[in-house]
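Here's the structure, in structure tokens; my notes come after.
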Amino acid sequence: MSWKFSRRRFLAGGAAFIGAGCLPRSWSKTAPSRLPIPPLVDGRQGKPVELQIRSGTWSFRPGVKTPTLGFSQDYLGPTIRTRQGSELNLHYRNTLTESVAVHGHGLHVPGEVDGGPQRAIAPGADWQPSLSIVQPAATCWYHSHTHGKTGEQVYRGLAGLILIEDEEADSLPLPHQYGIDDLPVIIQDRTFDAQGRLVYSLYDAHEDGWLGDTVIINGAIAPVASVPAGKVRLRLLNGANARFYIVGFADNRTFYKIATDGGLLEAPVPLTTMEMSPGERCEIVVDMADGKPAGLQTLFEDEFDEEEGLVGSLLALFDRSGRELPPPSLTLIVDKTLPAHTAPLPEQLATIVRPQPREIVGSRDFMLNMEDGGGMGNDGGHAGTDMTINGAAMDMNVINERVQLGVWERWRIRSNQGAHPFHVHGCSFLIERMEGSAAPPEQRGWKDMVVLDDDDWSEIVVRFDHPATERYPYMYHCHILEHEDRGMMGQFTVG
Ligand SMILES: [Cu+2]
């Protein structure tokens, strides 16, 4: 695997070297907080899941209250459990003074209930979509998709997880005790001001998008979670606005990636580090049977030196800064009283049927464009002026593509500058090539995110099995939320 991490960045240097490592010393001396586990809400029997979009205050740091947004809670939202073959009924109520659209990211549902920006919920209004869940087990999420305000609303807290289960996944010996050996891990980064308020500005973001300087996991800084002395499944979501993360363990232990965005891989893939783009989900299994604590590190891509590996990069970070080694973003500590899942990992997880070449009948190219020097400067401009796809900035009144229902297509995606995580609504796709190379084994599962850059094309094969009308089209876009809000997004129908 030849990731060219340095090329990812549009600007040299920049906000490189902050992150978990920049916490003031006094903070690392305070007792670590427990990993917050979002409450699990059971949507499997069709009972409406009430999601009140509201403001609140949340303590990211002990004793400091930060104004935030959340779904029926102060920050983030509950984890919604649903099941293949069931109806998921959601009931959103917007109690804010601004409109909010909420998208079900990774769900195979018609455009009408997909929750794109055309579905903005006005202040005081309700939205009650009913979703038929037909897809296999996967870790999906829901988050703000409000026109021009997605970045800010997600940053303040409007995101949560959706876990889809199915019979096949149930029959596999995988950890599945939510909050015990099956943990949600939402990785984000935030910048706080001296009063502890979240700092955000779409137009002050540099070209990489808005990069926070402090990593948070489920809304906590460097938390600790107690886990059984067995196999532990982490459902990782890169919920950051703009950061790519390199994820691994401080002791370099091997973990197994078992699922991509859209479901289980064919077989577990052993890894010691992996990259996660904004919007991407990875399920991994780590063995805690040795009883030793495991520190999950989330290095910023420019802190990671491929030759040094994760541990070497951490030490180099320590050398450069002369500070204490950055604490792990999340520390897993073994509690032997918890019920442990000790069965070996299955060798086969799922069957993924790739389309035959003759089945792929359509093709489309997408060129993501950033104007030179236009960047994210504080130009006082408005969204959709300097970021485009195929020469067009997002326009709610324009349908950019019309796709045929039920037909395989090859999409090629590339940029004129830097790396971008590309997301497509209403489907899962398969990656054929990433930045010109064959997709690595850990990316050869169902996906709704693909990374591309300016060097070569990324290629996916995709098929849409649900309709999207001109009134409620699907979106494709860059998942760097500041790029999306500035216009790097398009609309398409399926029919
Ligand atoms: Cu982008």
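Output the residues belonging to region 413-457 that are within 16 Å of the ligand (Cβ to nearest atom), more than 16 Å from the chain's Cα centre (by Cα) and closer than 17 Å to R354 by Cα.
The answer is M434, and nothing else.
Give just the number: which of (1) surrounded by fewer than 21 Cβ atoms within 10 Å (Cβ to Cβ); (2) of a type in the set (S, T, Y); (3) in contact (Cβ under 8 Å) with a residue 24 or more places away in the chain does S277 not satisfy?
Answer for S277: the failing condition is (1).
Of the residues P78, P39, P62, which single one is surrounded by fewer than 16 Cβ atoms within 10 Å (Cβ to Cβ), of a type outside the set (A, V, I, L, M, F, W, C), in contact (Cβ under 8 Å) with a residue 40 or more places away in the chain and under 25 Å from A220 (Cβ atoms)? Please lay out each step first, then the result.
On the way: P78 fails: surrounded by fewer than 16 Cβ atoms within 10 Å (Cβ to Cβ); P62 fails: in contact (Cβ under 8 Å) with a residue 40 or more places away in the chain.
Of P78, P39, P62, the one residue that is surrounded by fewer than 16 Cβ atoms within 10 Å (Cβ to Cβ), of a type outside the set (A, V, I, L, M, F, W, C), in contact (Cβ under 8 Å) with a residue 40 or more places away in the chain and under 25 Å from A220 (Cβ atoms) is P39.
Report yes if some residue within region 190-197 is closer than 20 Å to L163 by Cβ, crowded, with 20+ Cβ neighbours inside 10 Å and not aliphatic (A, V, I, L, M); otherwise report no.
In the first step, residues of region 190-197 are kept if they are closer than 20 Å to L163 by Cβ; the result is none.
Checking region 190-197: not a single residue is closer than 20 Å to L163 by Cβ, crowded, with 20+ Cβ neighbours inside 10 Å and not aliphatic (A, V, I, L, M).
Pick out the one residue from D302, D251 that is outside any helix (DSSP H, G or I) and either charged (D, E, K, R) or under 24 Å from D208 (Cα atoms) (or both). Even if it seems obvious, please write down each step before you answer.
Values: D302 fails: outside any helix (DSSP H, G or I).
Testing whether each residue is outside any helix (DSSP H, G or I) and either charged (D, E, K, R) or under 24 Å from D208 (Cα atoms) (or both) leaves just D251.
Looking for whichever is within 30 Å of G160 (Cβ to Cβ) and of a type in the set (D, E, K, R) here; the options are E307, E303, E347. Which one fits?
On the way: E307 fails: within 30 Å of G160 (Cβ to Cβ); E347 fails: within 30 Å of G160 (Cβ to Cβ).
Every option except E303 fails the conditions.
Can you pull out every residue in region 307-353 that is touching a Lys or Arg at 6+ places or on another chain (Cβ under 9 Å) and either free of Cβ contacts under 8 Å to residues at least 60 places away in the same chain or part of a loop (DSSP other than H, G, I, E, B) (or both)?
R323, E324, A340, H341, T342, A343, P344, L345, I352
Just checking, which of R233, R243 is under 17 Å from P293 (Cα atoms) and either out of contact with any Lys or Arg (no Cβ under 9 Å at 6 or more places or on another chain) or within 16 Å of the ligand (Cβ to nearest atom) (or both)?
Numbers: R243 fails: under 17 Å from P293 (Cα atoms).
On inspection, the qualifying residue turns out to be R233.
Please name all residue pairs, on different chains or six or more residues apart, with Cβ atoms under 8 Å, provided the first residue is in region 472-495 and is touching a residue at least 40 places away in the same chain (Cβ under 8 Å) and within 13 Å of T388 (Cα to Cα) and the second residue is more than 16 Å from the ligand (Cβ to nearest atom) and of a type in the set (K, R).
From residues that are touching a residue at least 40 places away in the same chain (Cβ under 8 Å) and within 13 Å of T388 (Cα to Cα), the pairs are D485/K149.
Hey, among K4, K65, which residue is modelled with pLDDT under 50, of a type in the set (K, R), at negative phi and out of contact with any helix residue (DSSP H, G or I) (no Cβ under 9 Å at 6 or more places or on another chain)?
Selected residue: K4, the only one of K4, K65 that is modelled with pLDDT under 50, of a type in the set (K, R), at negative phi and out of contact with any helix residue (DSSP H, G or I) (no Cβ under 9 Å at 6 or more places or on another chain).
Being surrounded by 12 or more Cβ atoms within 10 Å (Cβ to Cβ), at pLDDT below 95 and within 15 Å of the ligand (Cβ to nearest atom) is true for just one of M394, M387. Which residue is that? Working first, answer last.
Working: M394 fails: at pLDDT below 95.
Among M394, M387, only M387 is surrounded by 12 or more Cβ atoms within 10 Å (Cβ to Cβ), at pLDDT below 95 and within 15 Å of the ligand (Cβ to nearest atom).
The values are calculated or read from the model by the stated rules, or taken from the named source; none is laboratory data. These figures come from a predicted structure and were not determined experimentally. Ideal geometry is used to build each Cβ from the backbone, glycine not excepted, and the neighbour counts take in all protein chains shown.
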